[in-house]
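Each remark here refers to the structure printed beneath this line.
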Amino acid sequence: MAKNINTVREIRLQYKSKSKGADEPTITSAENAYEILKGNYDPDYLPIREEIVVLYLNNANKVLGVYKGFSGGITAAVVDIRLILAVALKGLSTGIIISHNHPSGALTPSEADKKLTDQLRKAAELFGIKLLDHIIVTPQGSFYSFADEGLL
């Protein structure tokens, strides 16, 4: 019996815009990115568990959107590079800024943080997407920028 071709699932990309195109924030520095990122973290969870927040940008470094699809435990979060890039590709992003928090307040990136950054940078390059920064945020209101520290 032939399958009905009308039962195939449709995949959609949906933007939920809170601003008009001209109002989209533009990333000009790590500090500027941090200010936008910290508003996307749940302050109640910053000192408790790691979360990942990704900013997607266009070629003019305007923020197209944010993705908050990953969280974890006290010392780690599971990150799927394929999902990060799937959102970037579907959203026509040319740049990504990844961010995660350290509940301990430590600003030093771990070896796992460095490895993830390198893997994401290499994978994104295959699609013409640039990893612009990886920012670590803390509950105390400080941040660490891989780009500013020469790790990208």
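The values are calculated or read from the model by the stated rules, or taken from the named source; none is laboratory data. Treat the numbers as computed from the prediction; the structure is a model and nothing was measured. Counting neighbours? That spans all protein chains shown, and the Cβs are built from the backbone with ideal geometry, glycine included.
Output the residue which, of all residues in segment 131-152 that are under 21 Å from N58 (Cα atoms) and among the charged types (D, E, K, R), is surrounded by the fewest Cβ atoms within 10 Å (Cβ to Cβ).
Taking segment 131-152 first, the residues under 21 Å from N58 (Cα atoms) are 131-135, 145-148, 152.
Add one more test, that the residue is among the charged types (D, E, K, R), and what stays is 133, 148.
On the way: D133: 24, D148: 14.
Once the filter is applied, the top-ranked residue is D148.
Regarding D113, is this residue more than 11 Å from the chain's Cα centre (by Cα), acidic (D, E) and part of a helix (DSSP H, G or I)? Lay out the reasoning, then the answer.
Numbers: more than 11 Å from the chain's Cα centre (by Cα): yes; acidic (D, E): yes; part of a helix (DSSP H, G or I): yes.
Criteria met by D113.
Only residues that are over 13 Å from the mean Cα position of the chain (by Cα) and either surrounded by fewer than 16 Cβ atoms within 10 Å (Cβ to Cβ) or among the charged types (D, E, K, R) (or both) were counted across segment 61-71, and they come to 1.
Only residues that are without any contact (Cβ under 8 Å) to a residue 60 or more places away in the chain, surrounded by fewer than 22 Cβ atoms within 10 Å (Cβ to Cβ) and within 21 Å of G65 (Cβ to Cβ) were counted in segment 76-92, giving 11.
Could you please let me know if Y67 is in contact with a strand residue (DSSP E or B) (Cβ under 7 Å, 6 or more places away or on another chain) and at pLDDT 95 or above?
On the way: in contact with a strand residue (DSSP E or B) (Cβ under 7 Å, 6 or more places away or on another chain): yes; at pLDDT 95 or above: no.
Spelling it out, it is not the case that Y67 is in contact with a strand residue (DSSP E or B) (Cβ under 7 Å, 6 or more places away or on another chain) and at pLDDT 95 or above.
The rows are residues; the columns are (1) touching a strand residue (DSSP E or B) at 6+ places or on another chain (Cβ under 8 Å); (2) basic (K, R); (3) modelled with pLDDT under 90; (4) surrounded by 12 or more Cβ atoms within 10 Å (Cβ to Cβ).
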{"site": "T94", "(1), (2), (3), (4)": "yes, no, no, yes"}
{"site": "G105", "(1), (2), (3), (4)": "no, no, no, yes"}
{"site": "E111", "(1), (2), (3), (4)": "no, no, no, no"}
{"site": "D118", "(1), (2), (3), (4)": "no, no, no, yes"}
{"site": "R121", "(1), (2), (3), (4)": "yes, yes, no, yes"}
{"site": "I129", "(1), (2), (3), (4)": "yes, no, no, yes"}
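Can you tell me which residues in segment 41-60 are surrounded by fewer than 19 Cβ atoms within 10 Å (Cβ to Cβ) and within 20 Å of I129 (Cβ to Cβ)?
Going through segment 41-60, the residues surrounded by fewer than 19 Cβ atoms within 10 Å (Cβ to Cβ) turn out to be 41-45, 47-49, 58-60.
Correct list: N58, N59, A60.
State the number of residues belonging to segment 28-58 that are part of a loop (DSSP other than H, G, I, E, B) and either modelled with pLDDT under 65 or under 22 Å from P139 (Cα atoms) (or both). Walk me through how you get there before you give the answer.
Just the residues of segment 28-58 that are part of a loop (DSSP other than H, G, I, E, B), to begin with: 28-29, 39-50, 58.
So of that shortlist, the ones also either modelled with pLDDT under 65 or under 22 Å from P139 (Cα atoms) (or both) come out as 29, 39-50.
Adding up the residues that qualify gives 13.
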